[in-house]
Amino acid sequence: MAEIGKDIDKARTLLEAGEVVAIPTETVYGLAGNALDVEAVTKIFKVKDRPYFDPLIVHVPDAKAVYQYAANIPHQAVALFEKFWPGPLTVLLEKKNIIPDLVTSGLDRVGLRCPQHPLTTELLQRLPFPLAAPSANPFGYISPTKPEHVNDQLGNKIKYILDGGECKVGIESTIVGFEQGMPVIYRVGGLAVDQIETVIGKVQVKESSSNPQSPGQLQSHYAPRKQMVVGVIPELLQEFSHQTLGVLSFRTMYQSDAIKKQIILSPTGDVEEAAQKFFSSLRELDRSQVDLIIAEEVPAAGLGRAINDRLKRASSKK
Ligand code: TXA
Ligand code: MG
């Protein structure tokens, strides 16, 4: 298993030696490596078993760093990262040559993000290079929001997990890019769409599941190993009453003899709390002794939209 600890210097030394290290962010844990080193980036793809067509986000210590890695930056992008960084926002920008093609899967744009976590901020400040980091889970599986989640699945492939506790936002960053000067959201995430719109006005959301520009939008993603169905829970309880069920509900406690385990995301009906607990709850249900996980959508306001997006993909047939 990997060592879990809070030693920033140890993480730095490993990263400088070309190794990969799991790092905490406010959204989910990342599997980080030197973004400017093709060998380190190759290790990230291998450890995750990630297809090379799925590009990696590059993490920077502050907004100033963007100018080293991107060119022709639209003014709306500047307005966004000045307002929301450090935070759960990734901006797709025209890449400079210093970013290897492997990082962007040959695309012309690089995804840049300045994460908000004191340990990772300090680590990024001490390193002479930015960190490429996808979520620290095997490709297609539920994202990790605690160090133990990373260790459970990737612990035999990596040496060190920088322990930053449980992720505060719990859902991946929102990804924004520009097409003919118009802002487009490619992945709804930890920064709500209306927050973005307060800064740059109306934004188109591309939720198309076969969009090759952002493979995180693949139809099946964030998925448990167990089968999962999303719908109206009282109806699903009737339909699947002959099976043992795990229930993931927003705020209601349901009753049925078929229910073997139930997790309520937020008894007070708070979508931010629900987002924070979402992936760890799904993981817990996936590990429990049930045949089928049934879940319901949450209100689509604020981060609710990102939760519903994950629910849809997590329940999609592989
Ligand atoms: O919150 C987050 O964004 C987390 C933490 C670790 O920062 N990272 C994360 O990475 O969610 P990952 O690799 O699991 O998801 C990144 C998504 C992928 O679906 C990828 O296709 C998309 O971002 N992406 C990255 N670079 C891109 C690019 N140049 N063009 C289009 N899509 C890109
Ligand atoms: Mg991911």
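Details
- Taking all protein chains as shown and a probe of 1.4 angstrom, Y222 keeps an accessible surface of around 10 Å².
- Quotient of C-alpha Rg and 2.2 N^0.38 Å, computed over region 76-122: 1.27
- Relative contact order, percent, region 52-188 [alpha-carbon distance under 8 Å, six or more residues apart]: 27
- Area projected by the alpha carbon convex hull of the chain, averaged over all directions, nm²: 15.2
- With R₀ fixed at 51 Å, the C-beta to C-beta distance from S105 to S241 puts the FRET efficiency at about 0.70.
- Heavy atoms of the protein chains alone define the surface here; on that basis region 1-96 has 40 Å² accessible area per residue at 1.4 Å probe size.
- Note on region 244-274 and region 141-193: Cα centroid distance 23 Å, given to the nearest whole angstrom.
- Solvent-accessible surface of protein heavy atoms, probed at 1.4 angstrom with all chains present, puts T104, T252 in the order T252, T104, largest first.
- For K83, solvent-accessible area (1.4 Å; no DNA, RNA or ligand), Å²: 130
- Among A22, I263, A306 - extreme Cα towards positive end, dipole of the chain, charges at beta-carbon: A22
- Descending semi-axes in Å of region 50-155, equivalent ellipsoid built from Cα gyration tensor: 24, 18, 12
- On the chain, 49 percent of the accessible area sits on carbon and sulfur atoms, based on a 1.4 Å probe.
- Taking all protein chains together and rolling a 1.4 Å probe, F240 ends up with roughly 40 Å² accessible.
- When all protein chains stay in place and ligands, DNA and RNA are ignored, the 1.4 Å accessible-area order of I264, I171, largest first, is I264, I171.
- Accessible surface, per residue, of region 228-314 when the full set of protein chains is kept, probe 1.4 Å, Å²: 44
- Amide H partners (placed H, <5 Å) of A70, local residues excluded: K96
- For the chain, the dipole from Cβ point charges (+1 on Lys and Arg, -1 on Asp and Glu) about the Cα centre works out to 400 debye, to the nearest 20.
- Along each principal axis, Cα extent of region 228-314, largest first, Å: 36, 24, 23
The values are calculated or read from the model by the stated rules, or taken from the named source; none is laboratory data. Everything numeric here is computed off the predicted structure, so don't read it as measured data. Virtual Cβ from ideal backbone geometry, glycine too; neighbours counted across all protein chains shown. Quick note on the areas: whole protein, heavy atoms, side chains included, nothing else; ligands and nucleic acids left out. Shrake-Rupley method; radii C 1.70, N 1.55, O 1.52, S 1.80 Å.
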